[in-house]
1. Of all residues in the range 82-110, count the ones that are among the hydrophobic types (A, V, I, L, M, F, W, C) and surrounded by fewer than 17 Cβ atoms within 10 Å (Cβ to Cβ).
2. Within the group A410, A458, A438, A450, which residue is closer than 25 Å to P385 by Cβ, crowded, with 24+ Cβ neighbours inside 10 Å and more than 28 Å from the chain's Cα centre (by Cα)?
3. Report, by residue number, each residue of the range 173-196 that is part of a helix (DSSP H, G or I), open to solvent by less than 20 Å² (accessible area, probe 1.4 Å) and not β-branched (V, I, T).
4. What strands (runs of 3 or more DSSP E) completely inside the range 290-376 contain at least 1 residues that are closer than 21 Å to D236 by Cβ, near the ligand (Cβ under 8 Å from one of its atoms) and in the same structural domain as R272 (by TED's automatic domain parsing)?
5. From the list V390, V457, which residue is in a strand (DSSP E or B), closer than 19 Å to S361 by Cα and not small (G, A, S)?
6. Of all residues in the range 405-456, count the ones that are away from the ligand (no atom under 16 Å from the Cβ) and among the basic types (K, R).
7. Looking at this structure, is S170 out of contact with any Cys (no Cβ under 7 Å at 6 or more places or on another chain) and open to solvent by less than 30 Å² (accessible area, probe 1.4 Å)?
8. Quick check, is V134 of a type in the set (V, I, T) and at pLDDT below 90?
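The values are calculated or read from the model by the stated rules, or taken from the named source; none is laboratory data. Every value quoted in this text rests on a predicted model; they were computed, and no experiment measured them. Backbone-built Cβ (ideal geometry, glycine too); neighbour counts: all protein chains shown. Surface accessibility is based on the protein's heavy atoms, side chains included, excluding ligands, DNA and RNA. Shrake-Rupley method; radii C 1.70, N 1.55, O 1.52, S 1.80 Å.
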Amino acid sequence: MDHLPIFLQLRAVPVVVIGGGHIAQRKIDLLLRVGAQITVIAPRLCAALEQRAAAGEIAHCSALFEPAHLDGARIVIAATNLKTLNAQVSAAARARAIPVNVVDDMELSTFYFPAIVDRSPLIVAIGSTGQSPVLARWVREQIEALLPGTIGTLARFIGARRKAVQEALSPAARRAFWERIVRGVAASRVLAGDDAGAEHAYQRELRAARLTCADRRSAGALGEVYLIGAGPGDADLLTLRALQLLQQADVVLHDRLVPAAVLDRARRDAERVFVGKSAASAADEVHTRQEHIHDLMVHYARQGLRVARLKGGDPFVFGRGGEEAQHLARHGIPYIVVPGITAALGAAAAAGIPLTHRQLSHSVTLVTGHPLEDGALDWTALARPHQTVVFYMGTAYLQRICAQLRAAGADEGVPAALIERATLPEQRVVSGTLAGIAALGQRRGIAAPALLVVGEVAALAQSNGECDTVKETLQSATRQASATEDLHEHC
Ligand code: SAH
């Protein structure tokens, strides 16, 4: 290690900046955030700095640099584009033993500015010792993405309770206690903005920390459940919150639809439990399995564990997340729902099908293709033109779905597309028309998980199947629609 990273308290501390341009301004703005007392030495200031000087936020000395300007400064920054002047500033600062930073010049500097993730009071500083500021910034982006936006609130929550814990617990117990708080339910409640829940969990941990081990178990610390949407398959389509909570969970209950690459993002030492239902399961069995999942969630949470219930797509779109949430609420288990990218959105993006389109489709409907009791779906409404209908769970019933749409009045030439394993490397897209898509899907061996998209927009699918005349359909549909386009423009 070549430089020591430290955090300096600069409130009301004199800092001298040489240079009045944009580069100087960036450093000055950072120094203003920490309350430094800044004097700028420069014949002229850029407009932004002039404003700050006029507002009294900085002092301006309109002069050419002289070493005496540095007298009394605790930190010096040279931010001019004149190499010789920067070298003079550096030499003068070193002669006075004042730390100096010359912007973008490690050799002339005795300290440098790191890339910063600011979640005050929590601050992360990243440096590359001048080797690659770009790499440091990339690392910063990774950390920005990983740290919850509200982590500063968590730091304040803990800071406000340090003294009380110091008085209540022995030094040895304190560290274990804070680790449980930071990794536990109290922290995730703070991060979720649930102040009362956080305080409750904190008090419960504090009571438990005072007890012996045996007493602790019977005191029954309460865990929580995260109902997480894992997206359509590609692990990069997880949300930041899904990733954060996956990294925290002690147990992960996952479905058939959640691929290994997504599970890999969970904590290495988390217990992984497969609770998938096979599509072929009998209705009774499905029911039992769902009850089993309910029982497991409650069972683990009651052991004080944090349980990630990881579901394909979004938990609340054909995901039974609603039932799971109700079950948890009935049993008094705290839970958080994390939305995910539902299969229709993932498939649409990956197959190049805009679900709505100003000229072709004014609404999108997500429906189950699984046969329901008669009358459950309004086929007449689904058969109307200028809309998009996406069928989930329909691969085994393609003939029937298409026949029902046609019987309800849909044109046999309406474009349709099947997207299998959307967003995954094995993704396949076949497109055709309502008349032929079921046979085409069968011929190509399209199997679950797959979606059927019906509507003019399906003609835009970037098919890797046997595309036929659908592009023509689109062209005529666009021609028809563009006649009404002008009207829309004026609405
Ligand atoms: N909650 C999930 C849906 C679960 S129902 C979500 O929001 O996406 C299961 C159905 O979702 C499958 O039968 C299939 O129709 C669809 N599906 C899920 N993942 C898919 C994928 N990667 N590609 C295509 N369809 C998918």
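1. 7
2. None of the other options fit; the residue is A458.
3. If the condition is that a residue be part of a helix (DSSP H, G or I), open to solvent by less than 20 Å² (accessible area, probe 1.4 Å) and not β-branched (V, I, T), then F177, A186, A187, S188 are the ones that fit.
4. Qualifying strands (runs of 3 or more DSSP E): 306-311.
5. Selected residue: V390, the only one of V390, V457 that is in a strand (DSSP E or B), closer than 19 Å to S361 by Cα and not small (G, A, S).
6. Qualifying residue count for the region: 2.
7. No: the conditions fail for S170.
8. For V134, the condition - of a type in the set (V, I, T) and at pLDDT below 90 - is not met.
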